[in-house]
């Protein structure tokens, strides 16, 4: 399979002060046609990675190619291959929604008639026709993001970059945007999506790379990543008081793989759930147990196992 | 930069950027004209209409007997052009690069970033020319005293207007990219006001002779060369700076301000 994006040893240092190592050697290969999720907490280096791929950030060292074009050597050519939706509303405030689409097409060298046609087509496709004459300030957050996606693919790029596209959106708009992203697959557009929502990465991505502190920790399909955890069940115990001694007791229960401290209690990973809960509750009885939650491993579990900390700060 | 790219590939995008700015200008024509006309209208009204009629103020004693309106006319056109550089380029750019980041879609157009900056200069210049033309009838017809104007050399006038408007656009780019958005208000006090008052707008440069240090000091101000250039081209009867001097100085101003602005633009748009 051919690669849509290839990152080799990407390093980015900001001179500062303070001097910041945003990326310490990122390697990634995104295949053509896939939806690829870059999952990590804020400050992990997701936006810097996307910034380099989209010609807005210069790497300190390393190489990045999009559709075989070196993004540092030939930014204008690379830009023809990419569409970008950043986490901010970057719609042109002086232009209407239709004009935002129309002039984007003009920037990519389309003629007047072709640009008008493409803008109308996108308005229709993204259900924005009734807002065509509105100014960006008049749109809700969900519609802004929808317009930004429409604009990003207006010049028919091969690769679409979405940087935290649903941050700050209400649940309904979030779902609508997810559907749009899933629709990109049908258009044959490769998508690189950054997010700090593990459910978003899980639901949308063919493959996920987990990134933290400027490096990629793992990269695989969501299912394979969750299998790597080696547990079927995750139990979260919410406790009060001194429960330090409980951890070692829980470890002795059959099927329990690992017990780790989690905020306000303990997290327990087990290979089977048969009879598990009763034994766990029994062991915890002498302590002040406030709540028990059972779940399957998620990408968050994977992240916690890899880094010892939660995704959200 | 490769030849094929500038000719074929980049032309369309560059034209697209110009079209976008033209569309925005047409939509905002009323505010554009208001901000362009207000300062020269009131200046010419007070200095060249009210003052002569109430027998007060400047009567151009130092300028060989020419009416103050004649001295003022080229200067006010020059100020109107410089104001456009700031109002049409610096202020919007400061917003677009800062709080709203809306420059992003244009920076992601398939052309080098420096060309996006050049487009800002070019369109700033276009607006400068329009502003100059809009102001011309005001400064010619409102004064109560006769304005002694005739174009001695059309080619000189065209070159002066072209250089002056490009310098205004380049100044706008430089200020819009170098000055932090939170200091953009301060820019008026620190840059715009001194530039106007010390820009040979209200007096010809030659008339500063008695204050030698000032006559030399103002040479750092690009507005001086715009005023003097227009004075030479429109009111040749007044004393003015040598043609070679202001043409050379305006060219240097265009190059230096563009250089500063383009570098700063790249720094602001590429991390």
Being more than 10 Å from chain B (Cβ to nearest Cβ) and without any contact (Cβ under 8 Å) to a residue 40 or more places away in the chain is the filter; apply it to region A:62-90 and report the residue that is surrounded by the most Cβ atoms within 10 Å (Cβ to Cβ).
-> A:71
Can you name every residue in region B:197-232 that is more than 17 Å from residue B:243 (Cβ to Cβ) and crowded, with 22+ Cβ neighbours inside 10 Å?
-> B:199, B:201, B:223
Between a first residue in region A:47-61 that is at the interface with chain B (Cβ under 7 Å from one of its Cβ atoms) and free of Cβ contacts under 8 Å to residues at least 40 places away in the same chain and a second residue that is surrounded by 24 or more Cβ atoms within 10 Å (Cβ to Cβ) and part of a loop (DSSP other than H, G, I, E, B), which pairs have beta carbons less than 9 Å apart while being 6 or more apart in sequence or on different chains?
-> A:56/B:108
Output the residue which, of all residues in region A:199-215 that are assigned to a helix (DSSP H, G or I) and in contact with a strand residue (DSSP E or B) (Cβ under 7 Å, 6 or more places away or on another chain), is surrounded by the most Cβ atoms within 10 Å (Cβ to Cβ).
-> A:201
Checked region A:108-127 for anything in contact with a helix residue (DSSP H, G or I) (Cβ under 6 Å, 6 or more places away or on another chain) and either touching a residue at least 24 places away in the same chain (Cβ under 8 Å) or more than 14 Å from chain B (Cβ to nearest Cβ) (or both); matches are A:118, A:119, A:122, A:123, A:126
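One line per residue, one yes/no per condition, for (1) in contact with a helix residue (DSSP H, G or I) (Cβ under 9 Å, 6 or more places away or on another chain); (2) within 14 Å of chain A (Cβ to nearest Cβ); (3) assigned to a helix (DSSP H, G or I); (4) over 19 Å from residue B:12 (Cβ atoms):
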position: B:94; (1), (2), (3), (4): yes, yes, yes, yes
position: B:99; (1), (2), (3), (4): yes, yes, no, yes
position: B:119; (1), (2), (3), (4): yes, yes, yes, no
position: B:139; (1), (2), (3), (4): yes, no, yes, yes
position: B:143; (1), (2), (3), (4): yes, no, no, yes
Check on residue A:162, away from chain B (no Cβ under 13 Å) and in contact (Cβ under 8 Å) with a residue 60 or more places away in the chain | yes
Would you pick out the residues in region A:96-107 that are at the interface with another protein chain (Cβ under 8 Å from one of its Cβ atoms) and over 15 Å from residue A:156 (Cα atoms)?
-> A:99, A:100
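Residue under question is residue A:93, and the condition is that it be farther than 23 Å from residue B:9 by Cβ and more than 12 Å from chain B (Cβ to nearest Cβ); does it hold?
Working: farther than 23 Å from residue B:9 by Cβ: yes; more than 12 Å from chain B (Cβ to nearest Cβ): no.
It is false that residue A:93 is farther than 23 Å from residue B:9 by Cβ and more than 12 Å from chain B (Cβ to nearest Cβ).
Does residue A:227 qualify as being free of Cβ contacts under 8 Å to residues at least 12 places away in the same chain and on the phi > 0 side of the Ramachandran plot?
Values: free of Cβ contacts under 8 Å to residues at least 12 places away in the same chain: yes; on the phi > 0 side of the Ramachandran plot: no.
Answer is no for this residue.
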Just a yes or no: is a residue in region B:125-146 under 19 Å from the mean Cα position of the chain (by Cα), crowded, with 17+ Cβ neighbours inside 10 Å and over 14 Å from residue B:36 (Cβ atoms)?
-> yes
Residues of region B:241-271 that turn out to be crowded, with 18+ Cβ neighbours inside 10 Å and within 28 Å of residue B:181 (Cα to Cα), as a count | 11
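Give the residue, chosen from A:65, A:49, that is within 25 Å of residue A:212 (Cβ to Cβ) and part of a helix (DSSP H, G or I). Steps first, answer last, please.
Details: A:65 fails: part of a helix (DSSP H, G or I).
The match here is A:49.
Quickly run through region A:189-198 and pick out the residues that are outside any strand (DSSP E or B) and within 15 Å of residue A:41 (Cβ to Cβ).
Kept after step one, since they are outside any strand (DSSP E or B), are these residues of region A:189-198: A:189, A:196-198.
Correct list: A:196, A:197, A:198.
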Which of the residues spanning region A:255-282 are surrounded by 15 or more Cβ atoms within 10 Å (Cβ to Cβ), within 17 Å of residue A:240 (Cα to Cα) and modelled with pLDDT of 85 or more?
-> A:259, A:265, A:266, A:267, A:268, A:280
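The values are calculated or read from the model by the stated rules, or taken from the named source; none is laboratory data. Here the structure is a predicted model, which is why all the values come from computation and not from measurement. Ideal geometry is used to build each Cβ from the backbone, glycine not excepted, and the neighbour counts take in all protein chains shown.
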